[in-house]
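What follows is a short report on a single structure.
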Amino acid sequence: PDQEAAFDAIAHDLAQSQPMDRLVCGDVGFGKTEVAMRAAFTAVAAGQQVAILVPTTVLCQQHLRSFRDRFEAMGAQVAGLSRLNTTQETQAVLDGLSKGSVDVVIGTHKLLGRQVRFKALSLLVVDEEQRFGVGHKERIKELCQGVNVLTMTATPIPRTMQLAMLGVRKLSTISTPPAARRAVRTTVCRYEEQMVREVILREFERGGQVFFLHNKVQDLEAVSAHLGQLIPEAKIGIAHGQMSADQADGAMIRFIRGETNLLVCTTIIESGLDIPNANTILVHRADRFGLAQLHQIRGRVGRRRERGYCYLLLRHDEDHLSVDAQRRLEALRRFTELGAGIRIAREDLDLRGAGNLIGSDQSGHIEAVGIDLYSELLREAIARVKGGQINTLANVEIKPG
């Protein structure tokens with residue numbers, strides 16, 4: 001139902017004279033891509049072009065296959081633009097965009113290059129919005145002047161969340177879980193070799209595969225070798241962002257095919273990766289990750305009927321964690337139900353502050369006036385600019401200090 005409501009809202013926005021600026025917030029695997037596909041179909045059917053911006057080459061390839069399968073029947077030309085393209089392929093895609101022969105382009109940060117020109121761009125879809133930095137977002141603003149923008153994320157950054165809550169951006173939430181989906185069980189614990197061995201072997205026994213996430217590229221070989229000694233039964237693969245395109249693709253394909261059953265990796269797996277048979281993930285030094293990032297990582301498992309398990313591993317000196325790290329991990333413990341992404345985003349907003357909504361700072365603290373008063377003042381300012389009714393503060397109570 002939420003998917004349907006989100007698309008109905010998008011279809012209404014696309015029919016207006018003003019460009020759309022809508023945020024679709026839905027948990028990982030809740031069908032945001034399907035909503036984007038239908039929005040793209042609407043634009044392509046009207047003879048317009050669509051650009052889909054994604055943060056990683058892995059997600060780019062995955063979307064490219066999905067969109068080609070769906071759009072092939074209507075004769076639409078779908079192309080990819082990432083570091084996997086050869087020079088000749090890149091030039092062919094750029095020519096197709098400028099001439100209008102390419103209807104849908106799915107690309108990584110390469111799509112934001114100055115050499116990219118469109119003949120009739122109508123819709124820009126930004127997938128996994130939280131993975132793009134301030135510089136990228138400023139370039140997106142240049143690219144999308146007068147263009148409909150659809151932003152998709154499971155956990156919007158604090159500034160985006162605040163803009164949506166204030167009504168500056170339109171918000172659609174997809175909180176209806178897919179049929180038979182079960183919540184991922186999340187455990188925060190100290191790293192113990194025996195426990196790690198038991199957890200991994202338990203997943204192998206039910207025919208599943210395991211991610212072991214260690215976000216330091218230079219240590220991956222050593223970690224892989226150590227796990228090989230600890231669990232001789234494992235067939236181990238390695239994947240990280242500094243590999244060549246062929247090496248990274250090869251590692252992923254072997255894991256998807258089941259030729260390896262334990263993937264030692266960095267956060268390269270964070271966005272969009274869908275491997276139904278991988279249902280246990282262990283995150284080493286989980287205190288070093290952000291709240292929204294941990295929720296995204298947790299979403300790599302439990303994407304079908306099988307129960308997913310996420311283990312957030314800490315060092316033995318867990319007692320020395322920073323206050324913020326403790327709050328982040330506690331939030332992950334509390335928000336484990338299906339559709340928890342929006343609640344985690346609100347928690348992140350509370351933890352980090354909304355930042356400068358107009359400038360480049362994506363987080364910050366509004367200690368001087370408090371978030372509630374700041375939001376009220378901002379609503380008034382927005383209403384004044386729009387020429388609407390301004391609600392002045394009422395019932396102000398002044399207490400002696």
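Using Cα pairs under 8 angstrom and six or more residues apart, how large is the relative contact order of the range 1-71, in percent?
Computed value for the range 1-71: 26 percent relative contact order.
Figure the gain on full extension for VAL223 and SER101 (residue separation times 0.36 nm, minus the Cα-Cα span) and round it to one decimal in nm.
39.2 nm
How would you classify the range 1-142 from its alpha-carbon gyration tensor, with a ≥ b ≥ c the square roots of the eigenvalues: rounded for a/c under 1.5, else prolate if a/b is greater than b/c, otherwise oblate?
rounded
Could you work out how much longer the chain between ARG307 and LEU230 gets when fully extended? Use 0.36 nm per residue separation minus the Cα distance between them, nm to one decimal.
Stretched fully, the ARG307-LEU230 segment lengthens by 25.2 nm.
Please list, by residue number, everything in the range 59-97 whose backbone N is under 20 Å from a paramagnetic label point 7 Å out along Cα→Cβ of SER244.
61, 82-90
I'd like to check one number: the per residue accessible area of the range 58-120, probe 1.4 Å, reported in Å² as a whole number.
That works out to 51 Å² for each residue.
Just the number, please: carbon plus sulfur as a percent of the accessible area of the range 207-283, 1.4 Å probe, no ligands or DNA/RNA counted.
48
Ratio of alpha-carbon Rg to the 2.2 N^0.38 Å globular estimate for the range 246-310, to two decimals, please.
Dividing the Cα radius of gyration by 2.2 N^0.38 Å gives 1.10.
Would you mind computing, in nm to one decimal, how far apart the modelled labels at ALA120 and GLN145 are, each placed 7 Å from Cα along Cα→Cβ?
It works out to 2.2 nm between the two label points.
With r as the distance between the Cβ atoms of ARG327 and GLU72 and R0 = 35 Å, compute the FRET efficiency 1/(1 + (r/R0)^6) and round to 0.05.
0.15
What distance in nm separates the two pseudo spin-label positions at GLU198 and ARG384, each 7 Å out from Cα along the beta-carbon direction?
Result for the modelled spin labels: 6.2 nm.
State the percentage of accessible surface on the range 47-91 attributable to carbon and sulfur atoms; use a 1.4 Å probe and exclude ligands, DNA and RNA.
43
Can you bin every Cα-Cα distance in the range 225-283 into 5 Å intervals starting at zero and give me the percent of pairs per bin, rounded to whole numbers?
That works out to 4, 17, 29, 29, 16, 5, 0, in percent per bin.
If each of ALA179 and ARG288 carries a label point 7 Å out from its Cα toward its Cβ, how far apart are those two points in nm?
4.3
The values are calculated or read from the model by the stated rules, or taken from the named source; none is laboratory data. The structure displayed is predicted, hence computed values, not measured ones. FYI the Cβ positions are ideal-geometry reconstructions off the backbone, even for glycines, and counts take in every protein chain you see. Areas reflect the complete protein model, heavy atoms only, side chains present, ligands, DNA and RNA absent. Shrake-Rupley method; radii C 1.70, N 1.55, O 1.52, S 1.80 Å.
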